[in-house]
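Some notes on the structure that comes next.
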Amino acid sequence: MNFIVTILGSGAALPTQIRMPSSQYINCNNRHFLIDCAEGTQVQLRKYKIHFQKISRIFISHLHGDHYFGLVGLLSSLNLLGREKEIHIHGPEELEEILMTQLHLGGSKLSYTIHFHALYFKEKEKIFEDDVLEVYSFPLKHKIPTCGFLIQEKTKLLKLDPIQLKKKNIRLEQYKDLQNGKDIELENGDICRYQEVTKPQIAPMSYAYCSDTKKDLKIVDFVKGSTVLYHEATFLKKEKSLAKATMHSTTQDAAEIALLSDVKCLYVGHLSSRYTSDEEHLKELQGVFENSRVAYDGLVIDLFKE
Ligand SMILES: [Zn+2]
């Protein structure tokens, strides 16, 4: 099992030599996703040695350019590389027209199919699930409709302990209940607790991504208890009037959301290009929520190690 997030771009709208704009690659139990796809994302994917033909779904949080201007370039490169496997794109509904117009006017005929899924910006919604994970979108408060995303592992079936099963003479048809964490009744009428015959397991992990947003307490309900929260913190708290005007968050806002959400760990990104160091960010964050870090391009977050 694995759950790894690679930060491809940790900066805000203006790319710098140190920070590219928003994009992240997620590998959750060998499901390969991209969240946001700013300018230069495909270069970052190459730089950090990510095999981008593996990506099956792309989630675009909103239509500010620093979150999707790299998408048509990436789609075009996938075509040049001979991709045949379909790809799913989740984003604001206007994105489909933007992409199709760009591809059509350039005479591109793709070798693979794009399935487009429009996001809903009113409430939290499950937008994808398979047998190991679920993906949700949830509304944020920004200048234009914007979603955050939550990737959550499903509760795994517990592993049975064959020695204990034999010892207690448990019937085959009772295995399923035990694997689902239910106690069972033995033939002699005794109750067998599932913990007695299954192996201890790590709780399911979850990763929450809060793209551009002003501080919004509703986020707390959407991301409550996540293993890792990635929240934008475009500004330091001394620039809070600027944050308010642009509907972005400060380091203090992000840390307060993390604290209220009871997450295990907070990473902040989308840092304004005005900052040349992140020392002050870290100080402000950890003053509110200790287990906070500042993301950087190329950072690999392994949720199993958080
Ligand atoms: Zn934005």
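A short reminder: the numbers here are calculations on the coordinates, not readings from a lab. Keep in mind that what you see is a predicted model, and the values were worked out from it rather than measured. We place every Cβ from the backbone using ideal geometry, glycine too, and count neighbours over all the protein chains shown.
Observations
- Estimated FRET transfer efficiency when R0 is 22 angstrom, pair Lys49-Phe69 (beta carbons, to 0.05): 0.45
- Think of each Lys and Arg Cβ as +1 and each Asp and Glu Cβ as -1; about the Cα centre, that makes the dipole of the chain roughly 480 debye.
- In segment 1-108, GluC sites (Glu not before Pro) in a DSSP loop with at most 14 other beta-carbon atoms within 10 Å: Glu84, Glu86, Glu93
- Computed from backbone phi with θ = phi - 60° and the Karplus coefficients 6.51, -1.76 and 1.60, the 3J(HN,Hα) list for segment 199-216 is 8, x, 10, 6, 5, x, 9, 8, 10, 10, 10, 9, 5, 5, 6, 7, 4, 9 Hz; x is used for glycine and proline.
- Along each principal axis, taking the top coordinate minus the bottom one, the Cα set of segment 141-211 gives 65, 19, 16 Å in descending order.
- Across segment 53-70, coupling constants 3J(HN,Hα) worked out from phi with the 6.51/-1.76/1.60 Karplus curve, θ = phi - 60°, read 5, 6, 4, 9, 9, 10, 10, 10, 6, 6, 9, 6, x, 6, 10, 8, 5, x Hz, and Gly and Pro carry x.
- Amide H contacts of Tyr267: Leu229, Tyr230, His231, Arg293, each under 5 Å away and 5 or more positions distant or on a separate chain (H built 1.01 Å from N in the peptide plane; Pro and chain starts excluded).
- Note that segment 262-278 has calculated 3J(HN,Hα) couplings of 6, 7, 6, 8, 10, 10, 10, x, 6, 6, 4, 5, 5, 8, 9, 9, 10 Hz, one per residue in order, obtained from phi through the Karplus relation 6.51 cos²θ - 1.76 cosθ + 1.60 (θ = phi - 60°); glycine and proline are x.
- Alpha-carbon centroid distance for the pair segment 94-127 / segment 207-252, whole angstrom: 27 Å
- Counting Lys and Arg as +1 and Asp and Glu as -1 over every other residue whose Cβ lies under 10 Å from the Cβ of Tyr209, the net charge comes to -2.
- Summary value for segment 59-114: 47 percent relative contact order, contacts being C-alpha pairs under 8 angstrom separated by 6+ residues.
- Estimated FRET transfer efficiency when R0 is 35 angstrom, pair Lys264-Glu96 (beta carbons, to 0.05): 0.45
- Two-decimal log10 I(q)/I(0) for the chain, as the Debye equation yields it once each C-alpha is a single scatterer, q = 0.07, 0.11 Å⁻¹: -0.32, -0.69
- Length-normalised contact order for the chain - Cα pairs under 8 Å, 6+ apart - percent: 17 percent
- Helix 279-288 vs. the chain, principal-axis angle (Cα, 0 to 90°, nearest 10): 40 degrees
- Stretching Ile191 away from Lys224 to a fully extended chain increases their span by 8.5 nm, per 0.36 nm per residue minus the current alpha-carbon distance.
- Taking Cys192, Cys28, Cys37 and counting other C-beta atoms within 10 Å, the order from fewest to most: Cys192, Cys28, Cys37
- Once backbone amide H atoms are built at 1.01 Å from N, Thr146 has Leu140 as its partners under 5 Å, excluding neighbours fewer than 5 places away on the same chain.
- Sites matching GluC sites (Glu not before Pro) across segment 160-243 that sit in DSSP coil, with at most 16 neighbouring C-beta atoms within 10 Å: Glu187
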